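The values are calculated or read from the model by the stated rules, or taken from the named source; none is laboratory data. Treat the numbers as computed from the prediction; the structure is a model and nothing was measured. Please note: Cβ atoms are built from the backbone with ideal geometry, for glycine as well, and neighbour counts cover all protein chains shown.
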Amino acid sequence: MEMIGYGQPPADLDTIFAALADPTRRAILSRLMEGEASVTEIAAPFAISQPAISRHLKVLELAGLIERGIDEQRRPARLKAERMAAAAAWLEEFRAFWGASFDQLDDVLADMKLETGRDSKNG
């Protein structure tokens, strides 16, 4: 029997999840799904400074979730989905566990419903 979660996780998985833990960084990643953007474009919907957005971008870049280019004076950021795919693949290992747990709960609830039906007929 293979132990779920005990395999070799992708390198820097903690860094990826730490980067994803912040709602601002997740919103930035969602924005970058639309295409590359400058710091100014990324910062527009947020009530925080451009330097704060730059710090968030640095965390995402260190986690390998984005890359920054150089286009004259701009440094556009773009999504690098393959690192996120590594985190998603690691989480996917738990899907079998979740499915089995829900199946067991369904069985218990079905048994309880049968018992309740029997008790009401006998009572």
#### Entry: Scope the stretch 16-65; condition more than 16 Å from Ala88 (Cα to Cα) and of a type in the set (Ser, Thr, Tyr); matching residues
Thr24, Ser38, Thr40, Ser49, Ser54
### Task
Could you pull out every one of the helices (runs of 4 or more DSSP H) wholly within the stretch 5-114 that has 2 or more residues that are free of Cβ contacts under 8 Å to residues at least 24 places away in the same chain?
23-32, 39-43, 50-62, 81-92
### Query
Looking at the stretch 68-92, which of the residues that are exposed (fewer than 15 other Cβ atoms within 10 Å of the Cβ) and charged (D, E, K, R) is modelled with the highest pLDDT?
Arg78
